[in-house]
Amino acid sequence: MSSLHPAVERVTQRTIERSKDSRRRYLDQMEREADAHGNRSFLGCSNLAHGFAGAEQDQPTIAFTQAANLGIVTAYNDMLSAHQPYGRYPEAMKLYAREVGATAQVAGGVPAMCDGVTQGFAGMELSLFSRDAIAQGAAIALSHAMFDGVALLGICDKIVPGLVMGALRFGHLPAVFVPGGPMPTGIGNKEKQKVRQLYAEGKASREELLKSEMASYHSPGTCTFYGTANSNQMMMELMGLHVPCSAFVPPGTPLRSALTRAAVHRLAAITRKGEDYRPMAKVVDEKALVNAAVGLLATGGSTNHAIHLPAMARAAGVLIDWQDLDELSAAVPLIAQVYPNGAADVNHFHAAGGIGFVVRELLGAGLIHGDILTVSAGGMADYAREPVLEGETLTWRDVPEQSGDDAILRPVSAPFRSDGGMRLVAGSLGRGIFKTSAVDPARWTIEAPARVFDSQEAVQAAFKAGELDRDVIVVVRFQGPRANGMPELHKLTPPLGVLQDKGFKVALVTDGRMSGASGKVPAAIHVTPEALDGGPLALLRDGDLVRLCAASGVLETSADLSARQPSPPPAPETGMGRELFALYRASADSAERGASPVLAAAGL
């Protein structure tokens, strides 16, 4: 392993220094929790009896021995394809726990919504804050203090960050994420995108569009594009919270079952009851979080993690900002091309070498920390190997020296791009994120008159009326966390793509989010301060000249905004449960800090 890259060292040390006080307070709190609540024997007899009354054959073990009792926090539902396989996990995990003298109980369930279902509709306004509800749900599940370790069953967009945030507040316990794996490959992503764009142009019917989507999203397992869900899985590997290289093994296979078994056995081995105690608070530190950021950049992962990573970090007392991501991006090469950054999906990525290849390359180049504590005994080096079954025995072997397909995965010495593809853009219109890895470099700089909207529906109406058939920067404001929960503006991608394909210079600027699968149109997203909080987007008017440049990191207007009054925000929408999240909207802080109402209210 090479010495650490100077940029990675610089960002890590700055993060450690910036987080010195908050991290110390966090670790002190976790030590107090371990002493006060780290053993269920502190509970009264009636409390304990309530806690294992439903445990059937495990009752005597939980009641009268010091065996590890593992809490399962599950995000199972069978509407969410990625989480459908989790339905049968708890019963199997209880058997696996008994094999090593431990016990397991389902501590609780957390909500798990699918952004793919709510995308572009009212329910999407609950999506971001479902992360904080999940964190609270995990805390409720673990508040019984019955457990010595936590198995976290979650995969998708807000679910993994929410589970991380909740479990970190019980960081005196070890925690292992147990993935479920991706669905088989469906139709090609280019074909799927083509039908979507034809539908946006009125050249394909709804029936044709539905058939295309069904051929893409077709069975249990995680969606196969490299959006937020699969970026989550990569980050859990780079943070050392998975059994090594288990992220992209398909569901329903003997290897997947063996990895779940190994996760339970390992979790039982790293509790305080054993000799290899590895509390989550010590696993998720500044170095692990920098590793996650580097992995995200090296693989062209979801821009949603520009919000989730700071929130997860804050739950561990660590402070990370977009300047850190920008500096790392300048130093970290892009070594994977997975849709929407390329044609391949995660199954192709896994077959080409996958996470093991990525970790080996990053370790060899000194781009990630090899000395972090992980749930695996051998540390980060274990994540540079791939699991295999030899008969019925699970083992790990070195990944091949060469990529299985250099159109998907390349070594650090011959990357697709020299940088990681996520840039900070800033200026008179605020601070935002530009995902360059999916955008042709010829489109990194767009200067055009603004057309200002307060909703994506208004953009669609203008597009259908032909009002956007020109060079234009589409500004969609009042989409931030405090305005309406910061929904993803996924409906904008097809019409803006159509305009770009017609030869117009087009870009998007918004204080909302775009999908983890956001594609080829240049965009400044997550712009902060948001319009509702007096951000400069509220001062823009139609026709103002806006310049967006990823190359120089600029987001600005030549218009004089100083004498203007902000445009009034639209009235808050109700229905679809949105009114129940008014407290979350009122309490949320900025996107750069993680847009978290629960962390902001807690003063973290």
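FYI, it's all coordinate maths here, none of it is from the lab. In this text, all values refer to a predicted model and were calculated from it rather than measured experimentally. Backbone-built Cβ (ideal geometry, glycine too); neighbour counts: all protein chains shown.
For region 422-570, what number results from the quotient of the Cα radius of gyration and 2.2 N^0.38 Å?
Relative to the 2.2 N^0.38 Å estimate, region 422-570 comes out at 0.92.
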**Study point:** Hydrodynamic radius (Kirkwood) for region 37-132, which is based on Cα pairs only, to one decimal in Å
**Key:** 15.6 Å
Exercise for review: Please sort by residue number the chymotrypsin sites (Phe, Trp or Tyr not before Pro) in region 102-176 whose DSSP state is loop and whose Cβ has at most 15 other Cβ atoms within 10 Å.
Suggested key: 121
Point to revise | Normalised contact order of the chain, rounded percent, pairs of Cα under 8 Å and 6 or more residues apart | key: 15 percent
Review point. At what distance in angstrom do the alpha carbon centres of region 455-527 and region 533-596 lie from each other?
Key: 14 Å
Revision key, fill the gap. Within region 468-525, DSSP-loop trypsin sites (Lys or Arg not before Pro) with at most 13 other C-beta atoms within 10 Å are 502
Study note, to complete from the structure: Kirkwood Rh over alpha-carbon pairs of region 298-427 plugged into Stokes-Einstein at 37 °C, 0.692 mPa s gives a D in µm²/s of 204 µm²/s
Exercise for review: With a 10 Å radius around each residue's Cβ, average the other Cβ atoms per peptide and rank 261-267, 460-466, highest first.
Suggested key: 261-267, 460-466
Practice item. Distance between Cα centroids, region 79-104 to region 176-202: provide it in whole Å. Key: 28 Å
Exercise for review: Take every Cα-Cα pair in region 273-330 and report what % of them are more than 20 Å apart.
Suggested key: 28 percent
Exercise for review: Once you've got the Cα coordinates, tell me which of 203/435; 158/520; 194/464 are over 22 Å apart.
Suggested key: 203/435; 158/520
Check your understanding: With Rg and the Kirkwood Rh both taken from Cα atoms, where does Rg over Rh land for region 230-358?
Key -> 0.99
Revision key, fill the gap. Once both label points are put 7 Å beyond Cα along the C-beta direction, the residue 442-residue 580 separation in nm becomes 5.0 nm
Practice item. Rounded to the nearest Å, what's the spacing between the alpha carbon centres of region 293-354 and region 1-64? Just the number, please. Key: 26 Å
Practice item. Check cross-link reach from residue 211 to the aspartates and glutamates: straight Cα distance under 15 Å, and skip same-chain residues fewer than eight apart. Key: 191
Review point. Out of every Cα-Cα pair in region 359-472, what percent are more than 24 Å apart?
Key: 57 percent
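So which trypsin sites (Lys or Arg not before Pro) in region 161-218 pass both tests, a DSSP loop state and at most 16 other Cβ atoms within 10 Å of the Cβ?
203
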Check your understanding: So what is the relative contact order of region 422-570, in percent, for Cα pairs below 8 Å that sit 6 or more residues apart?
Key -> 33 percent
Check your understanding: What ratio of Cα Rg to 2.2 N^0.38 Å holds for the chain?
Key -> 0.94
